[in-house]
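> The structure follows.
The values are calculated or read from the model by the stated rules, or taken from the named source; none is laboratory data. Just so it is clear, the structure is predicted and the values come from calculations on it, not from any experiment. When we count neighbours, we look across all protein chains shown, and the Cβ atoms used for this are built from the backbone with ideal geometry, even at glycine.
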Amino acid sequence: MHEWKLDRTHTSASGEVRWSVFGEEGGPPLVLCHGTPFSSYVWRHVGRALAAGHRVHVWDMPGYGASEKAEGQDVSLAAQGRVLAELLEHWGLAEPLVVAHDFGGAVALRAHLLHGARYRALALVDPVALAPWGSPFFRLVNANARVFEQLPPGLHRALVREYVSTTGGPGLHPATLDALVEPWLGESGQPAFYRQIAQADQRHTDEIQARYGGIDLPVLVCWGTDDAWIPVAKAHELAAAIPGARLHLIEGAGHLVQEDAPAELTAALLGFLREQAR
């Protein structure tokens, strides 16, 4: 298993954010955004490949991964969009390249459309961007988070493992599954898992969906054709909603394209990003 450590911290309005930067000194800045219930760990392979020609910034959203998890914490999409805009300012990145997966797609879109974050280009990988979203399980937990928080630790672990295993595609290596589940365990991790679902609200994408037609920057939409969480039909819908957006479908990959088809995703992203960095 590849070690993945975020060695820097930033105190945001939603708590301490763990982040790191690596890659080519002086290369075009690139920011990778993860989704839920994941962390920047999902970018470990693709991020290192992209680092050959870019200065790569990775971060765990507040309430996720190695970042702070606390009772009463605001980990909503609204908060995460503000945190991303704040981080870009903290990093001194005026117009980076951005690649965003799942909830990270909504976060990047909100930061751009509502908080003035400027990007040179944006790649969206199986993003949460269009209503309706949320699986039946997701909606059940959303409505009953306090009940689920009280599950015995063993049952909670089994539930999270089963949930993360349902992304579609060829399936996850057991060690990868362990690494994705681990941040959601223990005294702070278990309530954090249900907290982020309880605060997920479709209105946070409804607020921006009508603005997609005004996006004026290069956009690539990548999607796994076997995504079991967000159907590939949404890929076509989103690409049609954003002027000039390109669509790249990755056959046989599920929602976690980074795990299912890292080489093909890397190739698609490199081709797109290098065009913008010229």
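> Of the numbered conditions (1) surrounded by fewer than 16 Cβ atoms within 10 Å (Cβ to Cβ); (2) in contact with a Pro (Cβ under 7 Å, 6 or more places away or on another chain); (3) among the acidic types (Asp, Glu), Glu149 fails exactly one; give the number of that condition.
Status for Glu149: all satisfied but (1).
> Any idea which residue in the range 228-278 is nearest to Ser135 (Cα to Cα), counting only those that are among the acidic types (Asp, Glu) and part of a helix (DSSP H, G or I)?
The qualifying residue nearest to Ser135 (Cα to Cα) is Glu237.
> Here is a further query. Go through the range 217-253 and give me each residue that's of a type in the set (Val, Ile, Thr) and under 20 Å from Phe272 (Cα atoms).
Residues satisfying the conditions are Val219, Val221, Thr225, Ile242, Ile250.
> Checking His156 against (1) at pLDDT 95 or above; (2) within 30 Å of Ala240 (Cβ to Cβ), which test does it fail?
Failed condition: (2).
> Considering only residues of the range 195-227 that are part of a loop (DSSP other than H, G, I, E, B) and touching a Ser or Thr at 6+ places or on another chain (Cβ under 7 Å), which is farthest from Arg146 (Cα to Cα)?
Just the residues of the range 195-227 that are part of a loop (DSSP other than H, G, I, E, B), to begin with: 199-202, 210-211, 215-218, 225-226.
Still in the list and also touching a Ser or Thr at 6+ places or on another chain (Cβ under 7 Å): 199, 201.
On the way: Gln199: 12, Asp201: 17 Å.
The qualifying residue farthest from Arg146 (Cα to Cα) is Asp201.
> Among the residues of the range 199-207, is any in contact with a strand residue (DSSP E or B) (Cβ under 7 Å, 6 or more places away or on another chain) and under 25 Å from Leu172 (Cβ atoms)?
Taking every residue of the range 199-207 in turn, none turns out to be in contact with a strand residue (DSSP E or B) (Cβ under 7 Å, 6 or more places away or on another chain) and under 25 Å from Leu172 (Cβ atoms).
> Could you tell me how many of the residues in the range 179-194 are charged (D, E, K, R) and modelled with pLDDT of 95 or more?
We begin by selecting, within the range 179-194, every residue charged (D, E, K, R); these are 182, 187.
Now restrict to residues that are modelled with pLDDT of 95 or more: 182.
Count: 1.
> Pairs only if they're at least six apart or on different chains, beta carbon under 8 angstrom, first in the range 89-103 and assigned to a strand (DSSP E or B), second surrounded by fewer than 18 Cβ atoms within 10 Å (Cβ to Cβ); list them, first residue then second.
As it stands, the answer is Leu97/Gln276; Leu97/Ala277, since those pairs meet every condition given.
> Being touching a residue at least 40 places away in the same chain (Cβ under 8 Å), on the phi < 0 side of the Ramachandran plot and either of a type in the set (D, E, K, R) or out of contact with any His (no Cβ under 8 Å at 6 or more places or on another chain) (or both) narrows it down to one of Ile242, Ile250, Ile208, so name that one.
Ile208
> Okay, moving on. If only one of Arg110, Arg195, Arg139 is over 18 Å from the mean Cα position of the chain (by Cα) and either basic (Lys, Arg) or surrounded by 15 or more Cβ atoms within 10 Å (Cβ to Cβ) (or both), which one is it?
Numbers: Arg110 fails: over 18 Å from the mean Cα position of the chain (by Cα); Arg195 fails: over 18 Å from the mean Cα position of the chain (by Cα).
Residue meeting the stated conditions: Arg139.
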